[in-house]
Amino acid sequence: MPFISIVLIIAAALFAAAFFYVSRIISSLPKGRAEEHLLSQDSSNKNLIACIGDSLTHGNIGQSWVDYLRKEFPNYIFLNEGINANTTWQVLQRLEPIFECKPDLIILMIGTNDALGSFDIDSGLRYKKNNNLPEVPSFEKYKEQLVELIDKISLSSKVVMCTLPPIGENKDSLVNQHVKKFNDYIKLVADDKNLSLLPVSDSLWLEIKSRSYQLKSDYNPKSFPLFRRVFGGIFHHYLLKQSWNDIAKAKGQWILFDQIHLNERGAEIVFKLAKKFISKS
């Protein structure tokens with residue numbers, strides 16, 4: 001067998017192994033979920049806080065702000081109920097174990113995948129297929145499902161809502177105009193339900209103003225560029241051991257390493273907002 005063929009086979013095998021390794025990381029559930037807490041039979045009187053959301057809360061694609069809270073408040077129990085790619089409808093399907101844990105506080109940040117999935121028809125169809133959703137995500141459905149979710153979780157726990165991070169770092173982009181609709185509605189619901197609100201969106205945009213280098217590109221919803229950005233960043237972090245901040249900088253981003261997920265700088269902002277709220281509670 002020619003030498004070049006052997007090299008190509010070895011390279012393909014290494015790539016396949018690396019892809020499998022990273023895919024396993026992405027598909028893994030977050031540590032410290034409600035099911036684990038229930039199985040642990042922990043009878044301590046520690047305050048229990050459930051952080052509910054999607055990959056932005058899960059924190060294995062990008063930095064975990066929940067892990068920051070665990071380090072800051074070692075005498076608290078934090079349930080990480082963020083699941084990668086989850087929409088609001090999916091969160092509604094998995095509430096029972098969380099309720100069984102009887103959290104003292106629920107921090108809710110959900111809607112980014114609803115926004116991504118309702119931004120354009122191709123993204124919507126992709127979300128419906130990949131997540132086995134009953135229908136394509138839409139802003140109208142999000143409004144219905146968010147109210148239903150709030151009504152359910154606020155029956156037994158104190159709830160604080162979070163506005164959503166940007167998608168890409170161009171405030172005037174079409175996608176961030178779309179995200180703004182979601183955030184305006186989150187603020188409306190929080191006000192209507194008399195719930196506390198963490199201004200994640202405003203705080204992140206304020207941080208973006210301090211970006212010290214040029215923004216290189218805007219958000220692209222097409223499958224291949226999206227796949228390349230997300231998986232490229234994950235490969236660089238888990239295999240090449242680069243920080244999420246450095247990966248973001250290489251792409252001209254300040255708080256989002258792949259235009260969707262938080263780097264260390266972005267997660268620190270969410271953490272500080274949650275920390276301040278918890279400390280006052």
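The values are calculated or read from the model by the stated rules, or taken from the named source; none is laboratory data. The structure presented is a predicted model; accordingly, all values stated were derived computationally and were not measured. Positions of Cβ are generated from backbone atoms using ideal geometry, with glycine treated the same way; all protein chains shown enter the neighbour counts. The accessibility values were calculated without ligands, DNA or RNA, using every heavy atom of the protein model including side chains. Shrake-Rupley method; radii C 1.70, N 1.55, O 1.52, S 1.80 Å.
The residues of the range 224-264 that are within 21 Å of residue 113 (Cα to Cα) and of a type in the set (A, V, I, L, M), listed by number, are 226, 230, 234, 248, 255, 256, 260, 262. Can you confirm whether the range 244-251 contains a residue that is assigned to a helix (DSSP H, G or I), polar (S, T, N, Q) and farther than 28 Å from residue 120 by Cα? So far as the range 244-251 goes, yes, one or more of its residues are assigned to a helix (DSSP H, G or I), polar (S, T, N, Q) and farther than 28 Å from residue 120 by Cα.
Residue-level analysis places residue 85 among those that are over 19 Å from residue 47 (Cβ atoms), surrounded by fewer than 19 Cβ atoms within 10 Å (Cβ to Cβ), within 18 Å of the chain's Cα centre (by Cα) and hydrophobic (A, V, I, L, M, F, W, C). The helices (runs of 4 or more DSSP H) found wholly in the range 55-169 and carrying at least 1 residues that are touching a strand residue (DSSP E or B) at 6+ places or on another chain (Cβ under 9 Å) occupy 55-58, 65-72, 88-92, 96-101, 112-119, 139-153.
A Cβ distance below 7 Å, combined with a sequence gap of six or more or placement on separate chains, defines the contacts here; from the range 39-61, residues that are more than 18 Å from residue 131 (Cα to Cα) reach residues that are hydroxyl-bearing (Ser, Thr, Tyr) and modelled with pLDDT under 95 in the pairs 60/28. For beta carbons closer than 8 Å, sequence separation of 6+ or different chains, a first residue in the range 186-203 that is closer than 25 Å to residue 175 by Cβ and a second that is among the polar types (S, T, N, Q) and surrounded by fewer than 18 Cβ atoms within 10 Å (Cβ to Cβ), the qualifying pairs are 190/196. Of the residues in the range 154-166, not one is open to solvent by 10 Å² or more (accessible area, probe 1.4 Å) and in contact with a His (Cβ under 7 Å, 6 or more places away or on another chain).
Can you tell me which residue is least open to solvent (accessible area, probe 1.4 Å) among those in the range 105-122 that are farther than 24 Å from residue 187 by Cβ and not aliphatic (A, V, I, L, M)? So, considering only residues that are farther than 24 Å from residue 187 by Cβ and not aliphatic (A, V, I, L, M), the one least open to solvent (accessible area, probe 1.4 Å) is 120.
Condition check ((1) open to solvent by 70 Å² or more (accessible area, probe 1.4 Å); (2) at pLDDT 95 or above; (3) not hydrophobic (A, V, I, L, M, F, W, C)) across all residues:
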{"residue": "201", "(1), (2), (3)": "no, yes, yes"}
{"residue": "207", "(1), (2), (3)": "no, yes, yes"}
{"residue": "217", "(1), (2), (3)": "no, no, yes"}
{"residue": "220", "(1), (2), (3)": "no, no, yes"}
{"residue": "223", "(1), (2), (3)": "no, no, yes"}
{"residue": "236", "(1), (2), (3)": "yes, no, yes"}
{"residue": "244", "(1), (2), (3)": "no, yes, no"}
{"residue": "248", "(1), (2), (3)": "no, yes, no"}
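Hey, any hits in the range 254-268 for a residue that's more than 14 Å from the chain's Cα centre (by Cα) and free of Cβ contacts under 8 Å to residues at least 24 places away in the same chain? Before the answer, list the steps.
At the first step, the residues of the range 254-268 found to be more than 14 Å from the chain's Cα centre (by Cα) are 254, 265.
Now narrow it down to the ones that are free of Cβ contacts under 8 Å to residues at least 24 places away in the same chain: none.
For the range 254-268, residues more than 14 Å from the chain's Cα centre (by Cα) and free of Cβ contacts under 8 Å to residues at least 24 places away in the same chain: absent.
In this structure, is residue 141 closer than 29 Å to residue 265 by Cα, open to solvent by 30 Å² or more (accessible area, probe 1.4 Å) and at pLDDT 95 or above? Answer is no for this residue.
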